[in-house]
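In what follows, a structure is listed as structure tokens, so that the remarks can point back to it.
The values are calculated or read from the model by the stated rules, or taken from the named source; none is laboratory data. Computed from a prediction, not measured in an experiment: that's the story for all the values here. Cβ sites come from the backbone with ideal geometry, for glycine too, and all protein chains shown count toward neighbours. Each accessible area value is taken on the protein alone, full model and side chains, heavy atoms only, with ligands, DNA and RNA left out. Shrake-Rupley method; radii C 1.70, N 1.55, O 1.52, S 1.80 Å.
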Amino acid sequence: MIYYLYALAVILLDQLTKYAVVKNMVQGESIPLIDHVFQLTSHRNMGAAFGILQNQRILFIIITLAVVTGIVVTLFRIGHTQPRISLGLSLVLGGAIGNFIDRAVNGQVVDFLDFVLIHFPIFNVADAAITIGVVILLLDIFFDSKRTR
């Protein structure tokens, strides 16, 4: 199924970029890409989004396993019948697994994308995929509710 390949692509891109950061940057190091706007910053996060729930590794592993199971079952059931929902779920799936790998192996998630212009929390490819996937799912809900009216 194509949606599992999308998830796999997210996982591979996420893990390759994190590997490059870990191997080529010292933790805390920043490399400006666009001065005062965007930089790569090697950071580790032991919590969830925006650093909440620090040091809750087991909780995150359990939640991620439940979410991944639910998404896999849902993708299997809906397949190509609802492509927008399937795309959104595949991005969330890939991102969840990408961050799960970090937590399971190292107990922390590697973050590195740093928008300093707006002082946004440092994030990674998996976080971006999850966010984009959720936005797609919300847009589907919005468009679907407009159609049913």
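Numbers below:
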| quantity | calculated |
| --- | --- |
| Accessible area per residue, Å², the chain with all protein chains present, probe 1.4 Å | 60 Å² |
| Contour excess over end-to-end distance, with Cα ends at PHE120 and ARG57 and 0.36 nm allotted per residue | 20.3 nm |
| Solvent-accessible area of LEU13 with every protein chain in place, 1.4 Å probe, in Å² to the nearest 10 | 100 Å² |
| Rh (Kirkwood; distinct C-alpha pairs) - region 1-49, Å | 12.7 Å |
| In degrees, nearest ten, helix 83-106 long axis to first principal axis of the chain (Cα) | 40 degrees |
| With Cα atoms, 0 to 90° folded angle of helix 125-148 axis to the chain main axis | 30 degrees |
| Helix-only CD estimate at 222 nm, as mean residue ellipticity for the chain, using -39500 (n - 2.57) per DSSP H run (n ≥ 4) | -22000 deg cm²/dmol |
| Per-peptide average of other Cβ atoms within 10 Å, ordering 133-142, 25-34, 69-78, 110-119 highest first | 110-119, 133-142, 69-78, 25-34 |
| Of (i) 27; (ii) 23; (iii) 37, the label for percent of Cα pairs over 24 Å apart derived from the coordinates | (iii) |
| Accessible-area value, TYR3, 1.4 Å probe, nucleic acids and ligands omitted, Å² | 20 Å² |
